[in-house]
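Okay, structure first, notes after.
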Amino acid sequence: MRFRRRITIVTLLAMPPTFKHATLANGLTVIGEVEPHAHSAACGFFVKAGARDEEAPVMGVSHFLEHMMFKGTARRSAEDVNREFDELGASHNAFTTTEMTAFYAGVLPEFLPRAVDILADILRPALRQEDFDTEKGVILEEIAMCKDNPFWVLYEKSMEAYYGRHPLGFRVLGTEETITALARDQMREYFEHRYSADNTVVALAGRVDFDAVVAQIDALCGGWRRTGAVRAPGQPAPREHSFTVKDEKVTRAYLLAVSPGPAAQDERRYAAMMLAKVLGDPGNSRLHWALIEPGLAEEAQAVYDGHDGCGDFYVYASGDPERAGDIWAGVEREIDRLVGSLTEDDLERLRNKSATGVTLAGERPAGRMQRLGRQWVYHGEHRTLEEELARINAVTLDDLRAVAAAFPFRPRTVGRLLPA
């Protein structure tokens, strides 16, 4: 008899975190998962501003702004920002995606007020012309480096082809043309509208005096303007499409398909995530055993990516250019067989793997802060780790079949990057 066990987590911590929520008079939201016995604390400022919120002529401005936040403020130079984070021993960073930009730090609890002060300060950057000119060169170098990564070259071109005029097809880094032409005044205009109080969420986790931090944030950020910034809701219009790019710098074949998936707010996202993992999870999936294990392909994976109001699946493979046709035929064959091949063993394995991943990410305040901030930006609500795990455990084979019927990896945009 085969041994089976579903991971069930009743209580992840001896004393589960307490959720707290406050909204300042200017609309700035502060949320937290407070855990008095934690050994660290974390804070992150999450701004609902990313590549999809830009106009085409200023593509890349959100990511450029992320860099400018660390170039100094009215109170601090760039050197001050780096030195003060170092003095705290902070684990700090920032990121920009198509839909949000975040700035965060994890510290010992006694240093949290200083970390909050630095983060709130850099969110109001000086945007000096000389810093802008210097950092423009850094961004252009990043764009040039991405051109040396075949996956990113194909991914960006595929998203542009799939989303068409929809800004979800915009490049997070922008292009050489848009960054070269970008002026500081255009950046300031974008910043003043998008980086408003009512478009920002502050997430806290760990050993935090929530009321004290809210009072501190009110003192630091209470003067931020409310602008009523909203995101354009336009939906993409996907179509069957294929294209081929040839590049003399590449020596392998790179293949990528994009197709519709559930939105980030759609409850079917849990089933979509599992379906993509059955098809193309690294190490143990249909694509792995059909393409990588026999030596037909060097890479093969499938990913579900939920966005605000829509979503997509992408399937990627690479290998010998002489076998590109066979590789893609194998990908299509596994997509066609997927629904009929689903088993309870697949579901059990994925439940356990997902539960482990979610739990490990939630064990530390820094991980909970990230989950909390992203969750609020997309959903405007709080779900505990236990609630998330319950939803994962509740997914059935019928749910996988239903999401596959609703989003059958069609219509499909297929891109190929091949040697010249």
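Summary of computed values
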quantity	calculated
Leu182 long-range amide H proximity, modeled H, under 5 Å	none
Debye log10 I(q)/I(0) for region 241-419, one point scatterer per Cα, at q = 0.13 Å⁻¹	-0.71
Sequence-distant residues sharing a close amide H with His92 (under 5 Å, placed H)	Gly106
Ranking of Arg252, Arg368 by count of other Cβ atoms within 10 Å, fewest first	Arg252, Arg368
Normalised contact order of the chain, rounded percent, pairs of Cα under 8 Å and 6 or more residues apart	23
Shape of region 246-294, Cα gyration tensor, a/c cut at 1.5	oblate
Amide N proximity, region 204-233 versus Ala25 label position 7 Å along Cα-to-Cβ, cut-off under 15 Å	215-226
Protection-proxy order for peptides 200-211, 297-308, 371-382, 240-251, each taking the mean of Cβ atoms within 10 Å per residue, highest first	200-211, 297-308, 371-382, 240-251
Answer label for Kirkwood radius over Cα pairs in Å (calculated), chosen among [x] 21.8; [y] 32.9; [z] 23.1	[z]
Over region 241-419, relative contact order from alpha-carbon pairs under 8 Å, at least 6 apart, %	39
Förster radius 51 Å - calculated FRET efficiency between Gln186 and Lys246, Cβ distance, rounded to 0.05	0.90
Region 34-63-region 227-295 distance, computed between alpha-carbon centres (Å)	24
On Cα atoms only, tilt of 385-394 relative to the major axis of the chain in degrees	20
Those lysines that a straight Cα-Cα span of less than 22 Å connects to Lys147, excepting residues fewer than 8 apart in one chain	Lys136, Lys157, Lys246, Lys249
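No lab work stands behind these numbers, since they all come straight from the coordinates. Note that the structure is predicted; figures quoted are calculated from it, not measured. Backbone-built Cβ (ideal geometry, glycine too); neighbour counts: all protein chains shown.
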